[in-house]
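Every read-out reported here was derived from the displayed coordinates using simple, explicitly stated rules and does not represent laboratory data. Every value quoted in this text rests on a predicted model; they were computed, and no experiment measured them. Here the Cβ positions follow ideal geometry from the backbone for every residue, glycine too, while neighbour counts run over all protein chains shown.
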Amino acid sequence: MAVRRIIASADHTTSADPLAAQRTVDVAATRSVARNRSERRSQALVEAVAKLDTATDPAYAAALMQWIADQYAERNGGTLVGIFSRCYLGHPYIDHRLDVMGGMIMDHFTAADTPPGPFAAARPYARSDAYAYTEVYSDGAVVPIREDGQPVL
C-alpha cells in the first residue's frame, strides 16, 4: 500500500478558507508549547525558585526573580503568569507567589488569605510535599514541578 504525503504551503490556501494557514501555524505553536512544557526543568532553575524565600538582599532577590523569568521566556512554554510554592518563612505564612506578569511581585500568604486569580488553583500543589513549585500560565494551565524538575502534566 502506498502512502501519499501532501505538502501544502500557506501560498496554496484557497479563498474559501483564508484562515487555513493561520490554523496550521497555531497548531504548530500549540504543539511546541506543549512539548516545551513537558521538558524537565534544570536543577539550577528548581534551586533558584527555592532560594526566593532565603534571599534577604532586595537587589539579589530582584536579580533572582528576573533570572527565573528569563529562563521561562527562553523555554517557550507559553506565557508564564507566575510561580506558586510553599513558603519557608515560617508561621503564619504557608505559601507564596512570584507574579511575573505583575512586575516581579513576591507575595506571602497565610492560611486565611486567598491567593489572587489563577494562583488559587495552584495552592493545593504548594501544600503537597510531592512538588517543589507550580507554574501558572496565561492560558489557564497549572503545571506542578517535582523536586527533580520533572513537570506533572
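Yes/no per residue for (1) among the aliphatic types (A, V, I, L, M); (2) touching a residue at least 40 places away in the same chain (Cβ under 8 Å); (3) assigned to a helix (DSSP H, G or I):
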{"position": "55", "(1), (2), (3)": "yes, no, no"}
{"position": "66", "(1), (2), (3)": "no, no, yes"}
{"position": "69", "(1), (2), (3)": "yes, no, yes"}
{"position": "74", "(1), (2), (3)": "no, no, yes"}
{"position": "77", "(1), (2), (3)": "no, yes, no"}
{"position": "83", "(1), (2), (3)": "yes, yes, no"}
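Just name the residue that is surrounded by the fewest Cβ atoms within 10 Å (Cβ to Cβ) out of those in region 120-142 that are touching a helix residue (DSSP H, G or I) at 6+ places or on another chain (Cβ under 6 Å) and touching a residue at least 60 places away in the same chain (Cβ under 8 Å).
Taking the candidates together, the pick is 132.
Got a sec? Which of 102, 117 is closer than 20 Å to residue 64 by Cα and out of contact with any helix residue (DSSP H, G or I) (no Cβ under 9 Å at 6 or more places or on another chain)?
102
Would you pick out the residues in region 92-121 that are assigned to a loop (DSSP other than H, G, I, E, B) and closer than 20 Å to residue 72 by Cα?
Matches in region 92-121: 100, 101, 102, 103, 104.
How many residues does region 85-111 hold that are touching a residue at least 12 places away in the same chain (Cβ under 8 Å) and farther than 18 Å from residue 135 by Cβ?
8
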